Amino acid sequence: MSAILFVHARGGPPLEYALPRMAAHAEVHVLALAPLPDTGAEVWRPHCASITEAEPVDGAALVDLIAARAGLVAAEAVLTFSEYAVVAVALACRRLGLAGAGEQVAAARDKRLMRRIWRDAGVPVPGFAEIHRAADIDAAFDRLTPPLLLKAAWSAGSTAHLTVHDRRQAARAWRLGRAVMAASAEDGYAELHSAGAGVSDFLLEEIVTAGTLGWFTGPGWGDYVSVEGIVADGVYHPLCITGRLPTVPPFTERASIAPVELPEPLQRRIEQASRAAVDALGLETCATHTELKLAPGGEGTWLIETAARFGGVLTTRQAEEVFGLDMIGMLTRQLLGRPVAYPPRMLTEGTGAAGSLVILAVDRAGEPWTDLPCWDFDAVDWAELLDPGSTIELVRERSLPPGTPMPAYLEAEGANTMAALCFLTARSAPALLADCARIVDALPKALTAHLIPGAAR
C-alpha cells in the first residue's frame with residue numbers, strides 16, 4: 001500500500017474526521033509539529049502507521065525535517081491541512097519531486113503578495129497598502145478611504161484584524177496587532193516556515209460596501225461566501241460553496257453553512273470569480289479555500305483571500321454531508337497520482353444542510369456578554385433550541401473542557417477566543433440558520449446556572 005506523510009500542525013479538520021479518510025487510500029505516517037489531541041484518539045490513532053512528534057523548527061530546517069521524514073517512510077505524497085504548515089510542506093514536496101502546491105505557494109499565504117498578484121491580474125480586490133513601519137500608516141491614509149481594516153498578512157481566523165478610522169487609531173491598532181500575533185505565536189498559531197513573519201507584516205485595506213440584497217433568496221445570511229476546491233496539476237476544480245452567518249465585528253466567523261440559498265446563475269458567477277482568483281495564483285496541486293465578499297444588488301464580488309488548503313474546522317465534513325464529496329479522499333488520491341472523479345461543474349444543490357457553529361461570548365448584535373459563565377455543552381437543553389429535524393454534536397477536539405470559563409470575546413483575537421465548536425445538521429439551510437440564531441440568543445441564559453462569582457465584565 002502507498003505511504004503518505006501527514007504533517008500535523010494547528011488548525012484544519014479534526015483528526016478523528018480527517019485521518020480515516022486519508023487512511024482509506026494510503027498508509028498514513030504522522031509528523032506532528034503541534035501537540036496531538038488526546039480527545040478522539042481512540043478513533044484516529046488506529047489509522048496511523050507511525051507517529052513522530054518533533055520540536056518546532058523553521059525555515060530550511062523545517063523543510064529538511066519534513067523531507068527527511070518523508071524519505072524514511074517512503075512517502076509518495078506529503079500533505080497538511082494547517083494554514084501554518086502549507087508553505088513548508090509545498091517546499092518539501094518540490095525538493096522530493098512530489099505533487100504539491102508548488103513554488104507559488106506563498107501567494108496563497110501572504111495576503112500582501114496575494115493582493116498584488118490579483119490587482120495586476122485585474123481580479124477585483126479592495127484598495128490596500130502594505131504596512132512595514134509607522135510611516136506606512138500615514139501614506140495609507142493619504143490614498144485610501146477610511147474606515148480601513150488592519151490585518152496581519154500571515155494570520156488566520158481573523159486574528160489581529162482591527163477596524164480603524166484615523167491615523168492615531170491605526171497606529172495603536174498596529175501595536176496591538178503585533179502584540180496579539182506574538183502571543184498567538186507563543187501558543188503555536190503562527191507561520192511555521194518563516195518564524196517572526198506574522199508578527200510584523202501587516203496591511204491596511206478599504207472596507208468595501210457589501211450586502212446580501214440581490215443575492216440570497218432568504219434572510220439571515222452573511223455578506224460573503226467561500227468556494228472549496230482542488231487544483232490538480234494546475235487545473236482548478238471548484239467543488240461547492242459554503243455560506244456564513246453575519247460575522248462578529250470586525251470580521252470573526254461565527255458559522256459556516258452548506259448549501260447556500262443562492263440561485264444557480266449567481267452561484268455560477270461566484271464560481272467564475274473564484275476561478276479567476278485561483279488561476280492567477282499559479283498553484284500546482286493542492287486544496288483551495290477562496291473567500292469572496294458580495295456587492296449589494298448582486299452586482300459583483302471582491303476577493304478576500306485564497307488559501308492552499310481546505311476551509312478550516314468542519315468545512316470538509318459539511319461538503320461530505322450535503323454534497324457527498326469526500327474532499328480529503330479526493331486530494332489524497334490526487335497527490336498520489338491516482339484517478340479522481342471531479343464534478344464537471346461546481347455542485348450547486350445538495351441534500352439537507354450542515355454547518356459548523358463557533359461558540360463565542362458575544363451576542364447576535366456583536367456585543368460581548370456582560371457575564372462569563374462556564375462552558376458546558378450538556379448544561380444546554382438543545383431540543384428546546386433546535387428544529388425537530390436538526391441535530392447538534394460537540395466537536396470535542398476543538399472545545400474547552402466542561403466547567404471552563406467562557407473566554408471573553410476580544411476583537412483583535414478573533415477566533416482565538418472561541419469556547420467550543422459544534423457540528424449541526426438540518427432539513428434545509430433556512431432551518432439551520434434559524435437553529436444557529438436561536439442558539440446564539442439563548443446560550444447566555446442557558447449557561448447562567450454555571451456563572452462564576454465575580455466574573456461580570
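Every number here is computed from the coordinates shown, using simple stated rules; none is lab data. If you're wondering where the values come from, they're calculated on a predicted model, not measured in any experiment. Heads up, the Cβs are rebuilt from the backbone with ideal geometry, glycines too, and the neighbour counts pull from every protein chain shown.
For the reader, a short list of remarks on this structure follows.
- Taking a straight Cα-Cα cut-off under 28 Å and skipping sequence neighbours fewer than 8 places away in the same chain, the lysines within cross-link reach of residue 111 are 151, 293.
- Taking amide H positions as modeled 1.01 Å from N, with prolines and chain starts lacking one, the residues under 5 Å from residue 284 and 5 or more places away or on another chain are 102.
- Between region 112-175 and region 335-393, the alpha-carbon center distance in angstrom: 30 Å
- The longest stretch of the chain left intact once loop-based GluC sites (Glu not before Pro) with at most 14 other Cβ atoms within 10 Å are removed from consideration, loops following DSSP, is 104-298.
- With θ taken as phi - 60° and the Karplus curve 6.51 cos²θ - 1.76 cosθ + 1.60 applied, the whole-hertz 3J(HN,Hα) list for region 281-290 is 7, x, 6, 9, 9, 5, 6, 9, 9, 10 Hz, x standing for glycine and proline.
- Descending semi-axes in whole angstrom, ellipsoid equivalent of region 372-412, from the Cα gyration tensor: 22, 12, 11
- Paramagnetic label zone (point 7 Å from Cα along Cα-to-C-beta, residue 172; backbone N under 19 Å) in region 365-396: 368
- Cβ-Cβ distance of residue 209 and residue 365, R₀ of 25 Å, FRET efficiency by 1/(1 + (r/R0)^6): the value works out to about 0.80.
- Likely footprinting exposure, 294, 65, fewest C-beta neighbours within 10 Å first: 65, 294
- One chain, two ends: residue 43 and residue 378. Fully extended at 0.36 nm per residue, the span grows by 118.4 nm beyond their Cα-Cα distance.
- Taking trypsin sites (Lys or Arg not before Pro) across region 385-439, the ones in a DSSP loop with at most 14 further Cβ atoms lying within 10 angstrom of their Cβ are 427.
- Charge tally around residue 261: other residues with Cβ under 14 Å, Lys/Arg +1 each, Asp/Glu -1 each, net -1.
- For region 3-98, taking the reciprocal of the average inverse distance between every pair of different Cα atoms yields a Kirkwood hydrodynamic radius of 13.2 Å.
- Charge context of residue 349, other residues only, Cβ under 15 angstrom, K/R +1, D/E -1: -1
- Taking all Cα pairs closer than 8 Å and separated by 6 or more residues, the relative contact order of the chain comes to 16 percent.
- Range of Cα positions in the chain per principal axis (Å), largest first: 54, 53, 47
- Whole-Å semi-axes of region 208-351's equivalent ellipsoid (Cα gyration tensor): 25, 16, 14
- Paramagnetic reach from residue 74 in region 1-20 [backbone N under 19 Å; point 7 Å along Cα→Cβ]: 1-6
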